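Some notes on the structure that comes next.
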Amino acid sequence: MTDTGAANTHGSGSHSRRGVVLGGTGGSWRVRVDDSSLVEATLRGRLKREPSNEAPRRDSDGDRLKLAVGDEVLVEPDARGGTWAICEILPRRSRLARRAPGGGYGERIVAANVDQVVIVFAAAKPEPHPRMLDRFLVIAEANELAARIIVNKVDLVGEPSAHERFTPYERAGYPVHFTSTKRGDGLDGVRAMLGGRVSVFAGPSGVGKSSLLNAIFPGLSLRVGEISESVNKGRHTTVGALMIPLPDENGGYVVDTPGLREIGMWALSAEHLDVCFPELRPYMTQCRFADCTHTVEPGCAVKDAVDRGDIDAARFQSYLKLRDELGQAEF
Ligand code: GDP
Ligand code: ZN
């Protein structure tokens, strides 16, 4: 963050500065440069070029496929003055994409350099929907991103009941945070795991995502409104993901993305779905058939584990249901 000089070693002009892409709609991107100031920048023409091994994009959306929210870039003042240009996109350390890396056609990158996916549900109002939670978790796993769960509004049901409901997820290895913005419970733990990281926030509306962030980072709401507004006024109606810098001593960002819902839109293959359920992994290597789908095969160690209660039956039902859906969507 403070290595202003380092940016110049990347071979771009001596006036280049390092920054992070916070948002953008097609042509114009909002970049937070290393001193925390915000600039609007356009992508240099040569960076828009399609790599030759990629199929032509069918997208009319300009450089959206090339650059993503969360990308670290070098920007420099444009020769024409007053404006900024993105002259280099630095290598990504991770991504949340609609297609697995190396999938041939251009990836649909929702956000770059993501550290974790944080899925927020309410203990009640709205009632938690485990199948939806499982979808979010599968998307995180398919992108090889760490995932965590926040169960907010525990004040409405009491902690024991909330715990009981999410035990299968804790047993599967996911960290589960129980919070109440109303009572101020669990906020320190959430703050500690957000600080210094890039977290994609997902979850149904009304579960308290904004309340939670505002309670942890007082004053954030104003800045969220500010950023959303300026990004929204672009010419496109669909707004992509948005990075919100956290006022935490360790830094960090929350990525707010509207497009994390339908699993059918994500290019996951049915054969690799079992890997996306971490609690299946110890058993799936012990099935009689190496290509066991854990549906109808004899000698399936996964089904045996479900029968014994070692794998949660509802989670396994989610696996079967998603497998069905993905099987139909395959092309
Ligand atoms: P978002 O759509 O996920 O951003 O949810 P909001 O932050 O807008 O919250 C939705 C509603 O839930 C609001 O009326 C909040 O006051 C309420 N709410 C948020 N957190 C809690 C909580 O911990 N307990 C209770 N009882 N209500 C909450
Ligand atoms: Zn099996």
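If amide H atoms are built 1.01 Å from N in the plane of the peptide, which residues on other chains or at least 5 residues away come under 5 Å of the amide H of residue 150?
Excluding prolines and chain starts, which carry no amide H, the hits are 119, 120, 121, 177.
Based on the mean of other beta carbon atoms within 10 Å per residue, what is the order of 295-306, 197-208, most packed first?
So the peptides 295-306, 197-208, ranked by packing, come out 197-208, 295-306.
Which three lengths, in whole Å and largest first, does the stretch 270-329 cover when its Cα atoms are put on their principal axes?
Principal-axis extents of the stretch 270-329 (Cα, largest first): 31, 23, 19 Å.
Relative contact order for the stretch 270-329 using alpha-carbon pairs under 8 Å, separation at least 6, rounded to a whole percent?
After rounding, I find 33 percent.
Evaluate 2.2 N^0.38 Å with N set to the residue count of the stretch 104-214, then give the Cα radius of gyration divided by it.
Details: Rg = 14.0 Å, N = 111, 2.2 N^0.38 = 13.2 Å.
Working it through for the stretch 104-214, the quotient is 1.06.
Residue-wise, which Karplus ³J(HN,Hα) couplings in Hz belong to the stretch 73-85, taking 6.51 cos²θ - 1.76 cosθ + 1.60, θ = phi - 60°, and x for glycine or proline?
Values per residue, Gly and Pro as x: 9, 10, 10, 9, x, 6, 4, 6, x, x, 10, 10, 10 Hz.
Search the structure for amide H atoms under 5 Å from the amide H of residue 108, placed 1.01 Å from N in the peptide plane, and list their residues when 5 or more places away or on another chain.
Distant-sequence amide H within range of residue 108: 98, 99.
Since every read-out is calculated from the coordinates, none of them should be taken as a lab result. As the structure is a prediction and not an experimental result, all values here were calculated from the model. Reconstructed Cβ throughout: ideal geometry from the backbone, glycine too, with neighbour counts over all protein chains shown.
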